Amino acid sequence: MSLFKNFIPETLHFLLDVNLSGFLSFILASIGMVVGSILSGKTNPPKEINFEK
């Protein structure tokens with residue numbers, strides 16, 4: 001990211017910090033997994049498990 005510092009607007013230069021960008025990647029990945037889980041649950045609902053024989 002630091003190679004593209006000239007192309008990034010001045011207001012977004014705080015994203016070049018390694019610690020902050022790593023933390024944001026975990027947050028965005030978590031949000032993506034939750035949203036993906038919610039969206040796929042509607043199209044592929046969980047199957048009911050019957051333990052009786």
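The values are calculated or read from the model by the stated rules, or taken from the named source; none is laboratory data. Predicted model, so just to flag it, every value in this text is computed and none were measured. Positions of Cβ are backbone-derived with ideal geometry, glycine not excepted, and every protein chain shown enters the neighbour counts. Please note that ligands, DNA and RNA were not included when accessible areas were found on the heavy atoms of the full protein model with its side chains. Shrake-Rupley method; radii C 1.70, N 1.55, O 1.52, S 1.80 Å.
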**Report entry** Value in Å of the Kirkwood radius, where the chain supplies the Cα pairs that are averaged
**Finding:** 14.6 Å
Query - Probe 1.4 Å, protein heavy atoms only - accessible area per residue of the chain in square angstrom - result: 100 Å²
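Give me the percent of the accessible area of the chain that comes from carbon and sulfur atoms, probe 1.4 Å, all protein chains in place.
Values: 3590 of 5310 Å².
Within the chain, the accessible surface is 68 percent carbon and sulfur.
Kindly state, to the nearest 0.05, the FRET efficiency for Asn6 paired with Leu39, given R0 = 22 Å and r defined as their beta-carbon distance. All intermediate terms of the calculation are to be shown ahead of the outcome.
Working: r = 38 Å, r/R0 = 1.71.
It comes out at approximately 0.05.
Go ahead and run the numbers for FRET between Ser25 and Lys47, Cβ-Cβ distance against an R0 of 22 Å, rounding to 0.05.
FRET efficiency, Ser25 to Lys47: 0.10.
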**Report entry** Acute angle (nearest 10 degrees) that the helix 18-43 long axis makes with the longest principal axis of the chain, alpha-carbon atoms
**Finding:** 30 degrees
